[in-house]
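Colleague: Okay, handing you the structure first.
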Amino acid sequence: MAEPQLATAAIAGLARAAGCLIFESCAVRGLDVAAGKVGGVVTERGTVGAAAAVLAGGAWSRLFCGNSGVSFPQLKVHASVLRTTPLDTGMDLAINGGDFTCRKRADGGYTVSQLGASTADLTPDSIRLMRQFLPAWMAERKYLKLRVGRRFFEELAMPRRFALDAPTPFEQHRILDPRPGMAAISTALEKLKAAFPAFAPARVAAAWAGMIDVTPDALPVMSAVESVPGFFLASGFSGHGFGIGPAAGELMSELVLGRTPAVDPAAFRLSRFA
């Protein structure tokens, strides 16, 4: 287990110490392609020259790829989580209660979520990718709810192709921060209290939600994009990105540098969806 806010900041610090430059609040609009291969990336602040570019854009990766003429089958799943106020229960283990999960936090509280509380909004991409995602949805329908609402029309109005010399959807929607589904996660907390009475005094300190980037087989894509030399994709982690992030980063570095990977990357190639 690790605290995401602390771990990601620590990893960023190590990257800076190794010479990495990190630019926050700067949208990447697309690839700068010259002679059929990557020559850099176009950002809202100008073009950065590069012989290789790795897209690790999470839920935004399909839109970015599509604007570069690359087909990437990816949908988004809405998931909600809460954290409790500090609580002394004497339990430091991560708990999977079948329909709820819980883990101890460094601040003394607990992170709580509910299995089966994830929601897939019906969007135009849901229809476009139905054939590829239907088997996965049938297998996970116990834990995944379909919802029809405003998200369909929001994504329908979003351009799928756009020029790079003007603001793009990545500047218009800088932070993907959806509202949490309080009913579901409140239910998870009540089930946790029923299963473990020591949690009875627990109160909700905060709640949040996020969009999980999923692929049809729930495996990430970590590979070169063969149709655009110099373009690499690391996305579709299907909820496991934080846990396997360090190893994924090592694999991507090996692919970009042309080294022999420590593991066989065949299962993660983009071309498996061709």
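Colleague: Ordered by residue, what ³J(HN,Hα) values in Hz, to whole numbers, does the stretch 249-263 give under the Karplus form 6.51 cos²θ - 1.76 cosθ + 1.60, where θ = phi - 60° and Gly and Pro are x?
Modeller: x, 5, 4, 4, 5, 5, 5, 5, 7, x, 8, 6, x, 5, 10
Colleague: List the extent of the Cα atoms of the stretch 177-221 along each of their three principal axes, largest first, rounded to whole Å.
Modeller: 42, 22, 14
Colleague: When all alpha-carbon pairs of the chain are counted, what percent fall beyond 31 Å?
Modeller: So the portion of pairs separated by more than 31 Å is 34 percent.
Colleague: Measure off, as a whole percent, the carbon and sulfur share of the 1.4 Å-probe accessible area of the chain, all protein chains present.
Modeller: 60
Colleague: Under 5 Å between amide hydrogens, which residues at least 5 positions from Ala120 or on another chain qualify, with H placed 1.01 Å from N in the peptide plane?
Modeller: Sorted by chain and number, the residues that satisfy this are His78, Lys145, Leu146, Arg147.
Colleague: Kindly provide the helix-only [θ] at 222 nm of the chain, computed as the sum of -39,500 (n - 2.57) over DSSP H runs of four or more divided by all residues, to the nearest 500 deg cm²/dmol? Can you show the working numbers first?
Modeller: Numbers: 8 runs with 80 residues, N = 274.
That comes out to -8500 deg cm²/dmol.
Colleague: Still on this structure, I have one more. Counting only protein chains, not ligands or nucleic acids, how are Met1, Met252, Met158 ordered by accessible area (probe 1.4 Å), most first?
Modeller: Result, largest first: Met1, Met158, Met252.
Colleague: For the stretch 52-105, state the semi-axes of the equivalent ellipsoid (square roots of 5 times the eigenvalues of the alpha-carbon gyration tensor), sorted largest first and rounded to whole angstrom.
Modeller: Details: eigenvalues 297, 33, 19 Å².
In descending order, the three semi-axes are 39, 13, 10 Å.
Colleague: Let me ask something additional. Round to a whole angstrom and tell me the spacing of the C-alpha centers of the stretch 153-223 and the stretch 2-51.
Modeller: 23
Colleague: Please report Rg over Rh for the stretch 151-267, where both radii come from the alpha carbon positions and Rh follows the Kirkwood definition.
Modeller: 1.09
Colleague: Next question, about the same structure. Any number yet on Rg/Rh for the stretch 47-167, C-alpha, Kirkwood?
Modeller: 1.09
Colleague: Apply the Kirkwood formula to the stretch 82-230: the hydrodynamic radius equals the inverse of the mean of 1/r over all pairs of different alpha-carbon atoms; give it in Å with one decimal.
Modeller: 18.4
The values are calculated or read from the model by the stated rules, or taken from the named source; none is laboratory data. Computed from a predicted structure; not experimentally measured. The area values use the complete protein model at the heavy-atom level, side chains included, leaving out ligands, DNA and RNA. Shrake-Rupley method; radii C 1.70, N 1.55, O 1.52, S 1.80 Å.
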